[in-house]
């Protein structure tokens, strides 16, 4: 029994390392959100854009489907299977077969989002809705 407490403590502390991307070496689901301000070429005004980037390693634009429903964007990526003749010795590349959904705040115009797939990265840009300004609403009976 002597000396087992440190070993048990280490075992308990490392039991959940598979959920920690910094310790297990690769993220479980690599994605990023970015906020940017771009200049609209037509109106010459600056617009706020929310950019969602999702890693889709090994997928072409035909393998990635982006759907919009209300304020929710759903991304589905499917990777083609390797031929049966392939023998895999190491599998460190995370090939996607997933469905990812994200609900955007109502201030963003999700219906007019733009999506691209290039170099293993799916980029979705969602512009902020135009501000309708302040107006008074007449209260009826």
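None of the figures in this text is laboratory data; all of them are computed from the coordinates on show. The shown structure was predicted, so the numbers you read here are calculated from the model rather than taken from an experiment. Cβ coordinates were reconstructed from backbone atoms using ideal geometry, including for glycine residues, and neighbour counts include every protein chain displayed.
Odds and ends about this structure:
- Footprinting exposure proxy ranking of 50, 121, fewest other C-beta atoms within 10 angstrom first, gives 121, 50.
- As a proxy for reagent exposure, ranking 104, 33 by other Cβ atoms within 10 Å from fewest up yields 33, 104.
- Principal axis dimensions, region 48-122 - Cα atoms, whole angstrom, descending: 50, 20, 18
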